[in-house]
Every structure is written in structure tokens, then in C-alpha cells.
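Working notes, structure below.
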Amino acid sequence: TTLYNNVITEFKVIAHMDEGNFVCLENGFGESIDNIFPAVPTGLMATISDGIVLSWDEPIDEDFQYFTVFCNGELLDYTTESTYTDYVSGELEYYLTATDANGNESSQSESIMVEVEPLVGDVNNDATVNIQDIMVMVNMILPDGIEPTESADVNGDDLVNVLDIMIVVNIILTS
């Protein structure tokens with residue numbers, strides 16, 4: 001195969017046989033289609049530090065284009081780097097694929113499981129408790145606001161109200 005599809009390549013046929021070498025006097029021309037899948041990504045690891053930091057080995061294929069990152073079986077993102085940071089909590093399964101310049105996608109890497117406890121007061125699930133969480137909570141308690149979530153019920157009284165917002169304010173001020 002060649003590195004690129006639909007490129008005319010000049011070649012010469014030389015064959016080693018019992019009777020001796022055969023050399024074609026005329027050059028041949030042809031094109032090759034890359035249908036070889038890239039190597040499966042290896043070395044996938046996760047660390048919990050300001051989010052879930054995924055890292056893996058560098059690609060080995062010359063025609064590597066990008067990695068596809070999956071979480072719980074769903075497409076998460078594309079990257080050309082060998083690291084990715086995700087800001088979620090819960091029980092999560094990550095795996096990757098590699099894609100080459102001609103659109104061939106590898107099989108999936110080995111998966112890793114990560115379990116991250118939710119951060120109290122992190123209503124928008126961005127791995128930090130800040131004013132954005134308060135804004136989301138305010139929108140939950142306003143008439144015609146967004147639907148309250150379990151993570152917004154910080155005091156566990158089955159209601160999302162000003163008391164929950166005050167607890168989050170206190171978390172921010174004491175951090």
C-alpha cells in the first residue's frame with residue numbers, strides 16, 4: 001500500500017526464482033488503497049486531579065490522524081494529543097480508538113473503569129464549586145426554571161431552595 005489513496009505509483013517487478021532472478025524490463029504503474037487499520041491505542045490510564053485526566057501511549061502509525069475518546073460507550077471527543085481531561089462524576093468506563101489519514105479506525109483500546117464521587121455543591125458537574133453552581137440553582141428555584149436535580153438538593157430535604165444555595169455559598173466562602 002501507499003501512504004495516500006488514489007496516488008499513481010511507479011513500480012518494478014523483480015522476482016527471485018529457482019532459475020534465477022526475473023526482472024521486468026518495463027515499469028508498472030498502479031494505485032493502492034489504504035485499507036489497513038491503525039494500531040489499537042495502548043497504555044490507557046486515568047488519574048483524578050482537577051478532573052479525570054486520561055493519558056495513553058503516543059500513536060505509532062505514520063498516517064495517524066486523531067484519537068476518538070469514548071465514555072460509557074458514547075463518543076466524548078476527538079483529540080490529536082495523548083491526554084484528555086474530563087470533568088464528570090459517577091461510575092465511568094473510558095476507551096479509545098485511533099483513526100488514520102484515510103479514515104480507517106482501529107479496534108477499541110482496553111477500557112478502564114473510573115469511579116468519582118460527586119463534589120457536594122457541584123450542581124453543573126464541572127468538578128468545581130463556584131458561582132456558576134449558584135446560578136444554576138437559582139434557575140432551578142425560579143418559576144418556569146430548569147428542573148431541579150438531586151445534586152442541587154445539598155441538604156437532602158428533597159427540596160431545592162434558598163437553604164441549599166446558602167450551603168453552597170458557605171462551601172465557596174470556606175474553600
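Brief remarks on what is shown
- Span from the segment 118-173 Cα centroid across to the segment 78-112 one, whole angstrom: 31 Å
- Projecting the Cα atoms of Ser89, Thr79, Phe29 onto the charge dipole of segment 27-90 (Cβ charges, centred on the Cα centre) puts Ser89 farthest toward the positive pole.
- Option label - volume of the Cα convex hull per residue in Å³ computed here, alternatives (1) 132; (2) 152; (3) 179: (2)
- Gain in span if fully extended, Thr9 to Val53, counting 0.36 nm per residue against the direct Cα distance: 11.5 nm
- The charge dipole of segment 1-102, taken about its Cα centre with unit charges on the Cβ of Lys, Arg, Asp and Glu (plus for the first two, minus for the last two), comes to roughly 60 debye.
- Per residue, the accessible area of the chain comes to 65 Å², computed with a 1.4 Å probe over protein heavy atoms only.
- Apportionment of accessible area to carbon and sulfur, the chain, percent (1.4 Å): 54 percent
- With contributions of -39500 (n - 2.57) from each DSSP H run of at least four residues, the per-residue ellipticity at 222 nm computed over the chain stands at -4500 deg cm²/dmol.
- Cα long-axis angle, helix 131-141 against the chain (0 to 90 degrees, to the nearest 10): 60 degrees
- Note on segment 33-75: with charges restricted to the Cβ of Lys and Arg (+1) and Asp and Glu (-1), its dipole about the Cα centre is near 220 debye.
- Rounded to the nearest 10 degrees, the inclination of helix 162-174 to the longest alpha-carbon principal axis of the chain is 70 degrees.
- Note on the chain: with charges restricted to the Cβ of Lys and Arg (+1) and Asp and Glu (-1), its dipole about the Cα centre is near 280 debye.
- Here's the picture: charge each Lys and Arg Cβ at +1 and each Asp and Glu Cβ at -1 in segment 109-173, and of Leu173, Ala152, Leu142 the one pushed furthest to the positive end of that dipole is Leu173.
The values are calculated or read from the model by the stated rules, or taken from the named source; none is laboratory data. Worth saying up front: this structure is predicted, and the values here are computed from it rather than measured. In this analysis, Cβ positions are derived from the backbone assuming ideal geometry, glycine residues included, and neighbour counts consider all displayed protein chains. Ligands, DNA and RNA are stripped out before the accessible areas are found, and what is left, the full protein with its side chains, is counted by its heavy atoms. Shrake-Rupley method; radii C 1.70, N 1.55, O 1.52, S 1.80 Å.
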